[in-house]
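The values are calculated or read from the model by the stated rules, or taken from the named source; none is laboratory data. What you are looking at is a predicted structure, and each value in this text was computed from that prediction instead of being measured. When we count neighbours, we look across all protein chains shown, and the Cβ atoms used for this are built from the backbone with ideal geometry, even at glycine.
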Amino acid sequence: MNQWEFKLLYDGQCPFCRREVNWLQRRDRQGRLAVEDISAPDFAASNYGLTQAEVMGVMHGVFPDGQIVRKVAAFREAYRVVGLGWLLAPTRWPGLRWVADRFYEWFARNRVAIGSYFGGPACETGTCAVQPTKKVGPTTGND
């Protein structure tokens, strides 16, 4: 079994998040992408130096050395390790990076409500509605 190169921390209560993770896993033929459901009862955000509110607020990803990326940067890395990095490469471009992160922040705050318009279930545990918080520290992906 290959060592993972990147781990995506995703909300298993979110229908969009589950669909995206399943799609990425089907394309991960080399086993480079690990995933961890942040809504699982045994998930501990503190293992990553984060709070539950932080991980529920926006997508986070972790490298094997512990470096954390957030928002669209987490998606860029997940796509990169499954061989589809070119799809999100434009989100690195000046201007578009800012727009992509702002759109994603809006989407992350409203993902449960948006999902309900498409027939997704409401947040069953109540943890999905946690609002994002600002973290000052060694994370990247805010640029």
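Below, the figures for the structure above:
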| item | result |
| --- | --- |
| Qualifying residues in the range 67-106 (those that are over 12 Å from Lys7 (Cα atoms) and of a type in the set (Phe, Trp, Tyr)) - the one surrounded by the fewest Cβ atoms within 10 Å (Cβ to Cβ) | Trp86 |
| Residue check, Arg80 modelled with pLDDT of 95 or more, in a helix (DSSP H, G or I) and among the basic types (Lys, Arg) | yes |
| Output for the range 29-66, where each listed residue is more than 21 Å from Glu5 (Cα to Cα) and either under 16 Å from the mean Cα position of the chain (by Cα) or acidic (Asp, Glu) (or both) | Ser39, Ala40, Asp42, Thr51, Gln52, Ala53, Glu54, Met56, Gly57 |
| Of residues in the range 28-64 being assigned to a strand (DSSP E or B) and not aliphatic (A, V, I, L, M), the one farthest from Val81 (Cα to Cα) | Asp37 |
| Cross-chain or 6+ apart pairs with Cβ under 8 Å, the range 84-99 first and of a type in the set (Lys, Arg), then surrounded by 14 or more Cβ atoms within 10 Å (Cβ to Cβ) and not in a loop (DSSP other than H, G, I, E, B) | Arg92/Arg76; Arg97/Val72; Arg97/Thr91 |
| Of all residues in the range 1-34 being crowded, with 16+ Cβ neighbours inside 10 Å and aliphatic (A, V, I, L, M), the one that is nearest to Phe75 (Cα to Cα) | Leu8 |
| Residue pairs meeting the criteria (Cβ under 6 Å; at least 6 apart or on separate chains; first on the phi < 0 side of the Ramachandran plot and modelled with pLDDT of 90 or more, in the range 100-113; second surrounded by 13 or more Cβ atoms within 10 Å (Cβ to Cβ) and of a type in the set (Ser, Thr, Tyr)) | Ala100/Thr91 |
| Sole exception among (1) surrounded by fewer than 19 Cβ atoms within 10 Å (Cβ to Cβ); (2) over 23 Å from Ile114 (Cβ atoms); (3) at pLDDT 95 or above for Asp37, by number | (2) |
| Of the criteria (1) under 17 Å from the mean Cα position of the chain (by Cα); (2) at pLDDT below 90; (3) not in a loop (DSSP other than H, G, I, E, B), which one Arg97 fails | (2) |
